[in-house]
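Here the structure is laid out as C-alpha cells; the discussion comes afterwards.
The values are calculated or read from the model by the stated rules, or taken from the named source; none is laboratory data. Just so we're clear, the structure is a prediction, and the values are computed from it rather than from any experiment. Cβ atoms come from the backbone with ideal geometry, glycine included; neighbour counts cover every protein chain shown. In case anyone asks, the SASA skips ligands and DNA or RNA and just uses the protein heavy atoms, side chains included. Shrake-Rupley method; radii C 1.70, N 1.55, O 1.52, S 1.80 Å.
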Amino acid sequence: MPYLHIQTGIVPTPDQYYKLHCESVRLLTDLLGKRSEVSAVCISTLPAPGWSVGGEALDARTCTPVYAEVKITAGTNSAEEKARFIAALHALFEASLGNLPEASYIVIQELAATDWGYHGLTQAARKAASTPL
C-alpha cells in the first residue's frame with residue numbers, strides 16, 4: 001500500500017490524468033514493489049498563481065509547478081529503490097505536464113507500520129496476521 005498525492009499548477013487534461021494515474025501506479029509497482037490493487041493516487045490542482053519559488057509567483061505559461069508526496073511503510077524500500085522512483089516520477093511529470101521549475105519536489109514519507117493501514121487494519125496487524133501489505 002502506498003498513497004501518492006500529486007499537486008500541480010495546471011488542470012490536467014483527461015489524457016494527462018489517465019497517464020499520471022496509470023504510470024504512477026506502474027512506477028509504484030515496478031520500482032517500489034507495491035501492490036497495484038492497494039496503490040492509491042490522488043491528483044489535485046492549485047492554480048499557478050498560488051505557487052511561488054524564491055518569493056516569485058510561477059507563471060503557468062512558462063512552467064508547470066508540481067509537488068508529490070508518497071507515503072509508504074517504513075523499512076520496505078532501499079535508498080536506491082527510492083532514488084530510482086523519485087527520478088522516474090520526475091521524468092513522468094516532465095513527459096506528462098511539460099516544463100517543470102527546478103523546485104519541483106517529490107517527498108517520500110516512511111510511516112511506522114503501527115501508524116497507518118487500510119481496510120481497518122494497520123500494516124503491523126497485517127504483517128502479524130501474514131496478510132499481504
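What are the ³J(HN,Hα) couplings of region 16-33, residue after residue, when phi is run through the Karplus curve with 6.51, -1.76, 1.60 and θ = phi - 60°? Round to Hz, x for glycine and proline.
5, 4, 4, 4, 4, 5, 5, 6, 4, 5, 4, 5, 4, 6, 6, 9, 10, x
Can you compute 3J(HN,Hα) from phi for each residue in region 49-66, using the Karplus curve 6.51 cos²θ - 1.76 cosθ + 1.60 with θ = phi - 60°, rounded to whole Hz and x for Gly and Pro?
So the J values, rounded to whole Hz, are x, x, 10, 9, 9, x, x, 9, 4, 7, 10, 4, 6, 10, 7, 10, x, 8.
Near the amide H of Thr64, under 5 Å away, which other amide H atoms are found, from residues 5 or more places off or on another chain, if H is placed in the peptide plane?
Residues meeting the amide H criterion: Asn99, Leu100.
Taking H placed 1.01 Å from N in the peptide plane, check which residues at least 5 places from Thr73 or on another chain put their amide H under 5 Å from its amide H.
The answer is Leu111.
For region 1-73 and region 94-133, compute the distance between their C-alpha centroids and round to whole Å.
13
If you line up the long axis of helix 79-97 against the longest principal axis of the chain, both from Cα atoms, how many degrees apart are they, to the nearest 10?
Once rounded, one gets 40 degrees.
Could you derive backbone 3J(HN,Hα) for region 100-111 from the dihedral phi with the Karplus parameters 6.51, -1.76 and 1.60 (θ = phi - 60°), listing whole Hz in sequence and x where the residue is Gly or Pro?
Listing the rounded values in order: 10, x, 4, 7, 10, 9, 10, 10, 9, 9, 9, 10 Hz.
If amide H atoms are built 1.01 Å from N in the plane of the peptide, which residues on other chains or at least 5 residues away come under 5 Å of the amide H of Val41?
Here Leu4 satisfy the definition.
Just the number, please: percent antiparallel of the DSSP beta bridges in the chain, rounded to the nearest 5. Present the calculation step by step, with values, prior to reporting the outcome.
Working: 10 of 23 bridges.
Counting DSSP beta bridges with both partners in the chain, the antiparallel share is about 45 percent.
Measuring with a 1.4 Å probe in the full set of protein chains, what accessible area per residue, in whole Å², belongs to the chain? Mind showing how you got there, number by number?
Numbers: 7180 Å² over 133 residues.
That works out to 54 Å² for each residue.
Hey, any idea what % of region 1-128's accessible area is carbon plus sulfur with a 1.4 Å probe? List each step's numbers first, then the result.
On the way: 3800 of 6820 Å².
Whole-percent figure for carbon plus sulfur exposure: 56.
Output the peptides 110-116, 60-66 sorted from most to least packed, where packing is the average of other Cβ atoms within 10 Å over each peptide's residues. Before the final figure, lay out each step's value.
Values: 110-116: 14.1, 60-66: 18.0.
Most protected by this proxy first, the peptides run 60-66, 110-116.
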